[in-house]
Each structure stands twice: as C-alpha cells, then as structure tokens.
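I'd like to ask some things about the structure below.
The values are calculated or read from the model by the stated rules, or taken from the named source; none is laboratory data. A quick note: this is a predicted structure, and the numbers were derived from the prediction, not measured. Glycine gets a Cβ as well: all are built from the backbone with ideal geometry, and neighbour counts include every protein chain shown.
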Amino acid sequence: MTVKINLNADIAEGWGAYDIGSDAELMKIIKSANVACGFHAGDPNTMHRLCALAKEEGVSIGAHPGFDDLWGFGRRRIQMKASDLEHMVAYQIGALQAMACYAGLKVTHLKPHGALNNMAAEDEGYAMAIGRAIKTVDRDLIYVALAGSEMEKAARTLDLRLAREGFVDRMYDDNGNLASRSIPGTVLKEAKVATEHTLRMVQEGEVVTMSGKRIKVAVDTLCVHGDEPTAVSVARDVRKALEAAGVEIVPLPEMKL
C-alpha cells in the first residue's frame, strides 16, 4: 500500500510592493498552500495572485491566520481574550474565501501562523477558539495542527477534520513543540539535514529533539516555511527523497483524515 503525505508551505507573506519568499517556485513543489490573510502579512492583491497561481498548479489552499502584527511578522506572542481571537481568526478565513472565489477555488484548510500557532499548541483556550472559528465559518475546513498539541485535542473535541502537522525545517523541544527560533540551530537550512529529519518522521514516526531525545509523532502533512531563503531547495530535495522512498505527495483534501 502506497504511503501518502501532504507537503504544504506558508506563502503570500509579502505586503503591498514587498515580496517575501519564492512563492512561484514553491508552488511547483508543494501540494497545499497556507495563504497569509492580511494580519501578519498579505493583502488582497497578494492573496488574489497566489490563489490564481494555486489554481494553475493544482495546489489546494488554506487560511493562514496570524496575530495583527505586521511589524513583528506575527512572531510576537500576544495575549488576548479567547472570544477576540476566535473572531480574528474567523475574519481572516472570510478574507481568503472571498479572494479564492476569483480563482474558482474553495478554501480547504486552516493552519495558524507563527506565535499564534505556537501559543495554540500549548494553550487550550487558544486552540479551542481557533476550532470554534473553523466550526462556525465552515466546519468542513481541515484543522492543521501540530501533532500531539492542544490544537489536535481541540479538533477532536469539536469533531473537526484534522491533519496532524510535522515540520520539515524546524527542530522540536522535549515536549513535542517547536523549539524557539531564538535558539541557534532550530531552523534547518541544509537540505540534507532537513531531508533526514523528514524521512525519520514519515518512515519511523519520530523526531529527535534538541536534547537528543526521541519522541513519537504521527503526521499527515509536512510544512516548509516559505519565508526562508532556503525554502525552495529544502522543499525540492525533501519531495524527491520522499518520492524515492515510495511516498506519494498529494493535496490535503486527498488525504484520508
């Protein structure tokens, strides 16, 4: 039986006249795109352009909501009421749904960005707020959640479709969360290292943490961060290695979740 996995990337993270990342190149490698919705990055024209490109490349699209933090690229932790967070996420889903209509696409999933993703991985209130936004706006959206996190628990509690996520280019701490970017070596920029890390996740169901501990993970989708200069080379080599190992790369809606 062929193993299937989804390869996703965070894209459309420029703003106005400024572009971040190599979105056009990445879209030829990945099968699902997490589109920034205007809060941490992105704007209507960028979203429109990337939705059209996704249609051309046969890539499924998902909302990539973040904190309202252009200055910090959504990577600064913000404390807020769960109800405010829920409405903020719902608002961003709606923004992408509108732009997707121009490309004749349906938004298929949601994956939180940056600090919001990291906080929701540990905070039940944040995880549930995101889940409630999904359930209210479109309960068919797939909740993309760090494997083993509070977000995974929230998706199961709310009976939402769930895709457990692993990270191609990031190291983990001993709790199974992403190790802070402030720690040297937590972002994997060498394709060979990222490939070995990814194959271990998919084939052996485990990651080696920063301390050397082995922890079990189960993943349905793998993320490459599109804003990294090495994103294209890492994504290309990881996909080649997975396919050479007999793994089929498919859009997220084609996964049996």
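Here is a yes/no grid of residues against (1) modelled with pLDDT of 95 or more; (2) small (Gly, Ala, Ser); (3) in contact with a Cys (Cβ under 9 Å, 6 or more places away or on another chain); (4) more than 23 Å from residue 182 (Cβ to Cβ):
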site	(1), (2), (3), (4)
19	no, no, no, yes
32	yes, yes, no, yes
43	yes, no, no, yes
73	no, no, no, no
76	yes, no, no, no
79	yes, no, no, no
95	yes, yes, yes, yes
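Residue 230 - would you say it is of a type in the set (Val, Ile, Thr), out of contact with any strand residue (DSSP E or B) (no Cβ under 7 Å at 6 or more places or on another chain) and surrounded by 16 or more Cβ atoms within 10 Å (Cβ to Cβ)?
Yes: the conditions hold for residue 230.
Next question. Filter region 23-57 for residues that are within 22 Å of residue 230 (Cα to Cα), more than 16 Å from the chain's Cα centre (by Cα) and of a type in the set (S, T, N, Q) and give the result.
46
Identify all residues within region 1-25 that are over 22 Å from residue 75 (Cα atoms) and not in a loop (DSSP other than H, G, I, E, B); write none if there are none.
First, the residues of region 1-25 that are over 22 Å from residue 75 (Cα atoms): 1-7, 24-25.
Listed by number, the residues that qualify are 3, 4, 5, 6, 7, 24, 25.
Looking only at region 75-132, count how many residues are of a type outside the set (A, V, I, L, M), part of a helix (DSSP H, G or I) and within 23 Å of residue 169 (Cα to Cα). Break it down into steps so the answer makes sense when it comes.
Within region 75-132, the first condition is being of a type outside the set (A, V, I, L, M), and the residues that meet it are 75-77, 79, 81, 83-84, 86-87, 91-92, 94, 97, 101-102, 104, 106, 108-109, 111-114, 117-118, 122-126, 131-132.
If we keep only those that are part of a helix (DSSP H, G or I) as well, we get 83-84, 86-87, 91-92, 94, 97, 101-102, 114, 117-118, 122, 124-126, 131-132.
After this cut, where a residue has to be within 23 Å of residue 169 (Cα to Cα) as well, the list is 114, 117-118, 122.
Number satisfying all stated conditions: 4.
Which of the residues that make up region 122-149 are crowded, with 23+ Cβ neighbours inside 10 Å and within 20 Å of residue 217 (Cβ to Cβ)?
127, 142, 143, 144, 145, 146, 147, 149
Determine whether residue 43 is without any contact (Cβ under 8 Å) to a residue 40 or more places away in the chain and acidic (Asp, Glu).
Yes; evaluated as a whole, the condition is true for this residue.
With the requirement that a residue be polar (S, T, N, Q) and over 21 Å from residue 21 (Cα atoms), what does region 199-232 give you?
Result: 203, 209, 211.
Name the one entry in 124, 56 that is out of contact with any Lys or Arg (no Cβ under 9 Å at 6 or more places or on another chain) and of a type in the set (Asp, Glu).
Exactly one residue qualifies, and that residue is 56.
Still on this structure, please answer the following. Are any of the residues in region 155-166 out of contact with any strand residue (DSSP E or B) (no Cβ under 7 Å at 6 or more places or on another chain), buried (at least 23 other Cβ atoms within 10 Å of the Cβ), closer than 21 Å to residue 105 by Cβ and touching a residue at least 12 places away in the same chain (Cβ under 8 Å)? Walk me through it before giving the result.
Restricting attention to region 155-166, the residues satisfying the condition of being out of contact with any strand residue (DSSP E or B) (no Cβ under 7 Å at 6 or more places or on another chain) are 157-159.
Remaining after also requiring buried (at least 23 other Cβ atoms within 10 Å of the Cβ): none.
No, region 155-166 contains no residue that is out of contact with any strand residue (DSSP E or B) (no Cβ under 7 Å at 6 or more places or on another chain), buried (at least 23 other Cβ atoms within 10 Å of the Cβ), closer than 21 Å to residue 105 by Cβ and touching a residue at least 12 places away in the same chain (Cβ under 8 Å).
Continuing with the same structure: Note down all Cβ pairs under 8 Å where the first residue falls in region 172-193 and is closer than 22 Å to residue 218 by Cβ, the second is aromatic (Phe, Trp, Tyr), and they're at least six residues apart or on different chains.
Hits for this filter: 178/167; 178/172; 179/172.
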